[in-house]
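Step one of this worksheet: look at the structure below.
The values are calculated or read from the model by the stated rules, or taken from the named source; none is laboratory data. This structure is a prediction, so every number in the text was calculated from the model and none was measured. Every residue, glycine as well, gets a Cβ built from its backbone with ideal geometry; the counts of neighbours run over all protein chains shown.
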Amino acid sequence: QRIGKPLRDIDSAIENVGNLEIFKLEKNLSTLASIAGAAPMIGFFGTVTGMILAFYKMSTEKNVTPDVLAGGIYQALLTTAFGLFIGILAFVGYNILVANIQKVVFKMEKTTVEFMDLLQEPSN
């Protein structure tokens, strides 16, 4: 379909197809980046609510014991830990995927350059 076309048209077509493929590869990366950013904040929100609960229980009890505070502090620490855990996993996963996509893009560009060089060689 493109045989006999000028080289710049072939190069442009290859670039367009490459851009479409890169878009497909990067399609859901923003979701993963959002999870990596939001998870620690959600965990911190749980920390705040846990501490509010602990202080509320402390204010309503006449006799404050460690057991009164333990539930709220447990919730606070648990949500922090899970938020950080999910955030770290998403962050690492995001960076691994970005690195892999960059490798694919490099290979596509290298192959395109080699192909265009091949097309420009004089035929014998």
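Annotation: of all residues in region 61-79 being in contact with a Gly (Cβ under 9 Å, 6 or more places away or on another chain) and surrounded by 17 or more Cβ atoms within 10 Å (Cβ to Cβ), the one that is modelled with the highest pLDDT is Thr79. Here Glu109 does not qualify as in a helix (DSSP H, G or I) and loosely packed, with under 11 Cβ neighbours inside 10 Å. Selection of region 112-121 for residues being part of a helix (DSSP H, G or I) and over 12 Å from Ile14 (Cβ atoms) yields Asp117, Leu118, Gln120. Every condition in (1) at pLDDT 90 or above; (2) more than 20 Å from Lys24 (Cα to Cα) holds for Asn100 except the one numbered (2). Residue pairs whose Cβ atoms lie under 8 Å apart, sitting 6 or more positions apart in sequence or on different chains, and linking a residue in region 87-105 that is within 25 Å of Val17 (Cβ to Cβ) and touching a residue at least 60 places away in the same chain (Cβ under 8 Å) to a partner that is part of a helix (DSSP H, G or I) and not hydrophobic (A, V, I, L, M, F, W, C), are Ile101/Glu26; Val105/Gly18. Filtered by the rule that a residue be in a loop (DSSP other than H, G, I, E, B) and within 15 Å of the chain's Cα centre (by Cα), region 1-47 gives Lys27, Asn28.
Here the condition is being over 23 Å from Leu97 (Cα atoms), in contact with a helix residue (DSSP H, G or I) (Cβ under 9 Å, 6 or more places away or on another chain) and at pLDDT 95 or above; of Ile14, Ile42, it holds for Ile42 alone. Here Leu53 passes the criteria (1) exposed (fewer than 14 other Cβ atoms within 10 Å of the Cβ); (2) over 30 Å from Leu118 (Cα atoms) except the one numbered (1).
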